[in-house]
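The values are calculated or read from the model by the stated rules, or taken from the named source; none is laboratory data. Values in this document were obtained by computation on a predicted structure and should not be read as measured data. Cβ atoms come from the backbone with ideal geometry, glycine included; neighbour counts cover every protein chain shown.
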């Protein structure tokens with residue numbers, strides 16, 4: 001009878017330790033505002049006319065050229081850069097929404 | 001002899017009282033443990049529910065990202081098609097219709113610049129949001145510029 005008193009039920013202790021991580025809270029960069037550029041198409045036939053027009057407008061009669069193929073490539077390159085920018089921005093938004101949205105709801 | 005018997009009875013009584021007190025203490029502890037276990041189970045259930053919600057949110061985010069990537073790829077393919085549609089030689093067309101092509105590529109260039117602005121986080125204008133016709137959309141990137149446009 002005395003011996004049974006020695007082995008008692010042990011008190012269950014449940015403890016948890018949660019340390020919340022500080023929010024990063026970096027501001028998103030401002031959206032770009034791009035300058036609009038003007039393209040000139042120069043052929044062997046209109047070259048003289050194009051340069052005269054530039055001079056008349058007070059613009060240096062010098063042009064930096066691309067062939068039609070390279071124009072297509074630059075257009076596609078820009079489209080790819082744009083797509084990557086969009087995907088990266090969207091990913092950033094999703095991460096922010098997933099992690100920081102949760103904190104706001106608490 | 002009688003004293004021994006009385007002593008034994010007293011000891012037995014004291015032991016019984018001690019045992020009952022111990023049982024009471026154990027009972028209190030067990031009740032406390034049961035409450036804690038119930039709380040722990042409830043917390044675990046809440047965690048499992050939250051995990052389910054998280055998985056759903058992750059799936060939805062993945063789906064949306066895949067849709068975006070697919071739309072962007074379509075915009076890129078459309079650009080390629082416009083240059084080379086039906087074996088068209090863009091250079092030859094530019095030679096034949098220089099003025100018209102110059103206007104078209106300048107319009108396209110402005111649209112492409114706007115696409116980059118949108119991709120970098122610029123807000124869509126009402127006009128862009130409400131565009132549903134081909135003549136109203138930004139043909140360079142309808143996938144991100146015109147959310148209400150359904151290709152036809």
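Per-residue answers, yes or no, for (1) modelled with pLDDT of 95 or more; (2) part of a helix (DSSP H, G or I); (3) touching a helix residue (DSSP H, G or I) at 6+ places or on another chain (Cβ under 6 Å):
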position	(1), (2), (3)
A:5	no, no, yes
A:21	no, no, no
A:89	no, yes, no
A:97	no, yes, no
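For residue A:23, the criteria (1) away from chain B (no Cβ under 11 Å); (2) surrounded by 12 or more Cβ atoms within 10 Å (Cβ to Cβ) hold in every case but one, which is (2).
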